[in-house]
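Since the structure comes first, as structure tokens, the remarks are kept for the end.
The values are calculated or read from the model by the stated rules, or taken from the named source; none is laboratory data. Remember, predicted model here, so these are calculated numbers, not experimental data. So basically every Cβ, Gly included, is an ideal-geometry build from the backbone, and we count neighbours across all protein chains shown.
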Amino acid sequence: MVRLSEEIRMKDSTYILVVDDEQGVLDSFSEVFSNEGYQVTKAKNWSEARRHIKTQQYNIIIADVKLPDVGCQEMIDDIKEENKYAYIITSAGFTDIDTAMKSLQHGAHDYMSKPFDPSDIVTTMRKIVDKQRLQADNLQLFDTIKVLALALDARDHYTHGHSRQVTEYAVDIAREMGLSFKEIDIIRDAGILHDIGKIGITDAILLKPGRLTEEEYAEIKKHPVIGKKILEPVNCLADKIPLIYHHHERIDGQGYPEGLKGDDIPLGARILSVADAYQAMTSDRPYRKALPALIAIEELKRFKGRQFDPNIVDAFLRVLKRMGMDKTADNSSESPAA
Ligand SMILES: [Fe+2]
């Protein structure tokens, strides 16, 4: 969920959430941070913390890795879902320091060992806050662009939710393939923005209730190029643009805009391509009904090695199997579409 007003508010004050089941730890953090003028929220367990992150954007979240009511991965996933820009620090006693170190792989930014040295903590917090303020302008711009992308998605009921759904599938695939948290983050952002270039395509073509002519299809094919041009001036999007620009490449080199082949296509773009195709096939379009999941799955298999990277299709099939989609036959269709 994009909460622009919250981001703006975060620029003026620093909000810190501390989660620990030891009251003494909560109180000492609270004292140190309040003296620095930070807004501190304390939570004794994850269910309490979860309520806070749903209603407030925090600059920094310091959380014990061994809370009784949550695992480390789930805790970090929750934070990323609700407080995307929070700087996450896990904390641990000496015996759990391995878990805290592993939390970096799950997406935490840093870890601390207990007991804490207050002056060290204050220095660290000041550095983080300074860095976040520098990034805030870029993030606001990024969020504005995401709002535009979602607005583009929402303007007709055929594409409503397309980008969000593509993003969810792409992130599931990336996780299944064991990609790093950073790579998954890039895929998540690129997924939301992948079709932003369609803003430059006329509605008469985009929403046409029938087959496109060759000229019209050539127009549609410009959207990755337009997307790249729109996003290029935004510095913080540099690592997402290759995924957006190449999401219609095919591994046999027959895609667009560059006709790249195989591994020359960025991995994230190959993942988006599979997620995009499956979402498009299983949704109604002005010119056809949605395909049942089973048929869409057969199409992915059929185009494995030609349009799609086989490893990515296999990973997605495992994801869909876990979701039970390999048994779904809930709607009918006249003709498959790639
Ligand atoms: Fe596209």
Quiz item: With respect to the numbered conditions (1) more than 11 Å from the ligand (Cβ to nearest atom); (2) in contact with a Lys or Arg (Cβ under 6 Å, 6 or more places away or on another chain), which one is the sole condition not fulfilled by Lys228?
Solution: (2)
Practice problem: Among residues belonging to the stretch 33-51 that are part of a helix (DSSP H, G or I) and of a type in the set (D, E, K, R), point out the one that is farthest from Ser91 (Cα to Cα). | Solution: Arg51
Quiz item: Is the stretch 82-95 home to any residue that is within 18 Å of the chain's Cα centre (by Cα), buried (at least 17 other Cβ atoms within 10 Å of the Cβ), without any contact (Cβ under 8 Å) to a residue 24 or more places away in the chain and closer than 22 Å to Leu139 by Cα?
Solution: yes
Self-check item: Candidate set from the stretch 212-225 (those that are more than 23 Å from Leu267 (Cβ to Cβ) and not in a helix (DSSP H, G or I)); member that is nearest to the ligand (Cβ to nearest atom)
Solution: Lys222
Quiz item: Scanning for something in a loop (DSSP other than H, G, I, E, B) and within 20 Å of Thr159 (Cβ to Cβ), does the stretch 226-235 turn up at least one residue?
Solution: no
Quiz item: Do we have Ser283 as within 19 Å of Glu168 (Cβ to Cβ), of a type in the set (S, T, N, Q) and part of a helix (DSSP H, G or I) here?
Solution: no
Exercise. Could you list all residues from the stretch 124-154 that are among the β-branched types (Val, Ile, Thr) and under 16 Å from the mean Cα position of the chain (by Cα)?
Key: Thr144, Ile145, Val147
Quiz item: Looking at Gly259, is it assigned to a loop (DSSP other than H, G, I, E, B), more than 11 Å from the ligand (Cβ to nearest atom) and farther than 19 Å from Asp276 by Cα?
Solution: no
Quiz prompt | Test result for Lys240, closer than 22 Å to Lys182 by Cβ and either buried (at least 23 other Cβ atoms within 10 Å of the Cβ) or modelled with pLDDT of 95 or more (or both) | solution = yes
Self-check item: Number of positions in the stretch 192-211 that are away from the ligand (no atom under 11 Å from the Cβ) and either among the polar types (S, T, N, Q) or part of a loop (DSSP other than H, G, I, E, B) (or both)
Solution: 6
Quiz prompt | Counted residues, the stretch 112-164 - those being under 19 Å from Gly227 (Cβ atoms) and acidic (Asp, Glu) | solution = 3
